[in-house]
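To start, the structure itself, in structure tokens.
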Amino acid sequence: MPELPEVEVVRRGLARWVAHRTVADAAVLHPRAVRRHLAGPDDFAHRLKGHRIGTPSRRGKYLWLPLEDTGEAVLAHLGMSGQLLVQPHEAPPEKHLRVRVTFADGLDTELRFVDQRTFGGLSLHDTGPDGLPDVIAHIARDPLDPLFDDEAFHLALRRKRTTVKRALLDQSLISGVGNIYADEALWRSRLHYERPTATLTRPRTAELLGHVRDVMNEALAVGGTSFDSLYVNVNGESGYFDRSLDAYGREGLPCRRCGTPIRRRPWMNRSSYFCPTCQRAPRAS
DNA sequence: AATTTTACCTGTAGGC
DNA sequence: TGCCTACAGGTAAAAT
């Protein structure tokens with residue numbers, strides 16, 4: 001569930017509580033949590049030890065902690081249920097605690113990676129000249145990135161033979177959008193999820209991008225979206241945007257624009273929520 | 001070559 | 001009580 005706004009909330013928490021601290025020790029409690037670190041758990045822990053953490057960065061749903069003076073960064077992806085928590089040393093270990101990082105300073109807190117479904121993980125990678133970890137070079141800039149190219153995005157949509165929701169979830173075209181914010185932006189844009197991208201006019205693409213940005217900024221302002229305790233900030237607190245959702249999770253409830261009950265449809269092993277009146281299905285689908 | 005499907009995971013809810 | 005299925009779903013490998 002963590003999408004761009006939730007990951008950004010976590011990044012800000014790390015910037016406040018973890019940046020500029022020196023790692024004393026790292027313990028990997030579940031090898032799957034570092035499976036993207038090909039050299040293995042021991043290498044991961046060893047290479048963290050003794051290094052100072054710089055300012056956390058983010059692209060889409062990925063965030064990373066640069067290690068000063070090494071040209072490397074700790075890359076994190078929360079997957080479905082990953083949490084990065086700043087906890088007091090004496091806090092009892094969480095049920096799904098996977099990685100624990102302690103610091104060489106007088107502060108009482110440590111960094112914990114907790115992940116129930118283990119789709120997320122941590123890994124160490126070299127960074128390029130722009131500071132981006134090399135393994136996420138294929139991830140597109142996200143819509144809140146000042147350098148996101150709206151025109152290039154539109155041209156890519158016109159060129160592709162796919163549908164609009166697939167395109168929104170394609171992290172090589174636009175990053176940071178997941179199932180929740182895709183459905184929300186499509187509802188605001190009155191676009192059906194199966195609309196072919198090649199039929200979108202330049203103004204329609206601009207409107208869609210505007211709604212993607214609006215919904216993400218609004219979610220960010222209230223700390224992100226949480227349906228349960230699986231998404232929390234570094235202090236373990238939930239966000240409030242679930243109260244503002246117009247489509248996602250509202251099957252059977254009246255559309256806030258026209259009153260028609262919102263529908264849920266199975267879609268790519270997940271669900272799409274939409275208003276059948278406001279978001280008309282395309283003819284040739 | 002581009003596009004679509006599947007595997008990876010665990011916990012919860014609901015039906016019988 | 002307990003067994004079964006559906007669902008949550010991002011990413012990347014595999015299949016088409």
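Treating the angle as unsigned and between 0 and 90°, give the value, to the nearest 10°, between the Cα long axis of helix A:4-17 and the longest Cα principal axis of chain A.
20
How large is log10 of I(q)/I(0) for region A:179-277 at q = 0.14, 0.19, 0.25 Å⁻¹ when the intensity is taken from the Debye formula with one equal scatterer per alpha-carbon?
These q points yield log10 I(q)/I(0) values of -0.57, -0.98, -1.35.
Which of A:LEU200, A:SER189, A:SER172 sits farthest toward the positive end of the charge dipole of region A:150-274, with +1 on the Cβ of Lys and Arg and -1 on the Cβ of Asp and Glu?
A:LEU200
Give me the distance between the Cα centres of region A:120-143 and region A:240-285, rounded to whole Å.
33
Note the angle between two axes, namely the Cα long axis of helix A:150-159 and the longest principal axis of the Cα atoms of chain A, as a number of degrees from 0 to 90, rounded to the nearest 10.
Helix A:150-159 sits roughly 60 degrees off the main axis of chain A.
Cα gyration tensor of region A:4-135, axes a ≥ b ≥ c as square roots of the eigenvalues: rounded (a/c below 1.5), prolate (a/b > b/c) or oblate?
rounded
In percent, what relative contact order does chain A have, based on Cα pairs under 8 Å that are 6 or more apart in sequence?
18
Hey, can you find the accessible area per residue of chain A for me, probe 1.4 Å, expressed in square angstrom?
It amounts to 46 Å² per residue over chain A.
Using a basic spin-label model with each label point 7 Å from the Cα along Cα→Cβ, how many nm lie between A:LEU147 and A:ALA91?
Taking the simple label geometry, A:LEU147 and A:ALA91 are separated by 3.4 nm.
Nearest 20 debye, what's the magnitude of the dipole of chain A about its Cα centre given +1 on Lys and Arg Cβ and -1 on Asp and Glu Cβ?
Using only the charged Cβ atoms, the result is roughly 1600 debye.
Along the charge dipole of region A:2-153, which of A:SER57, A:VAL23, A:GLN116 sits closest to the positive end, that is, farthest toward it, with unit charges on the beta carbon of Lys, Arg, Asp and Glu (+1, +1, -1, -1)?
The Cα lying farthest towards the positive end belongs to A:GLN116.
Rounded to the nearest 20 debye, what is the charge dipole size of region A:150-274 about its Cα centre when +1 sits on each Lys and Arg Cβ and -1 on each Asp and Glu Cβ?
740
Full-extension gain between A:LEU29 and A:TYR240, please, as 0.36 nm times their residue separation minus the C-alpha to C-alpha distance.
Extra length from A:LEU29 to A:TYR240 when fully extended: 72.8 nm.
Grab the other residues whose beta carbon is less than 10 angstrom from that of A:PHE241, score K and R as +1, D and E as -1, and report the net.
Taking every other residue near A:PHE241 into account, the sum is -3.
Using R₀ = 25 Å, calculate the FRET efficiency as 1/(1 + (r/R₀)^6) where r is the Cβ-Cβ separation of A:ALA19 and A:ASP170; round to 0.05.
Calculated value: 0.20.
Roughly what would the spin-label model give for A:ALA198 and A:GLU218, points 7 Å off Cα along C-beta, in nm?
Label at A:ALA198, label at A:GLU218, 3.3 nm between them.
At what distance in angstrom do the alpha carbon centres of region A:82-119 and region A:1-64 lie from each other?
11
Based on Cα positions only, what radius of gyration and what Dmax would you give for chain A, in angstroms?
20.0, 64
So what's the back-of-envelope 222 nm ellipticity for chain A, counting only DSSP H runs of four-plus at -39500 (n - 2.57) apiece and dividing by all residues, rounded to 500?
Value at 222 nm, helices only, nearest 500: -7500 deg cm²/dmol.
Once both axes come from the Cα atoms, what is the angle between helix A:179-189 and the longest principal axis of chain A, in degrees from 0 to 90, rounded to 10?
Approximately 40 degrees, to the nearest ten.
The values are calculated or read from the model by the stated rules, or taken from the named source; none is laboratory data. No experiment lies behind these values; they were computed from the predicted model shown. Positions of Cβ are backbone-derived with ideal geometry, glycine not excepted, and every protein chain shown enters the neighbour counts. With ligands, DNA and RNA removed, areas are computed over all heavy atoms of the protein, side chains included. Shrake-Rupley method; radii C 1.70, N 1.55, O 1.52, S 1.80 Å.
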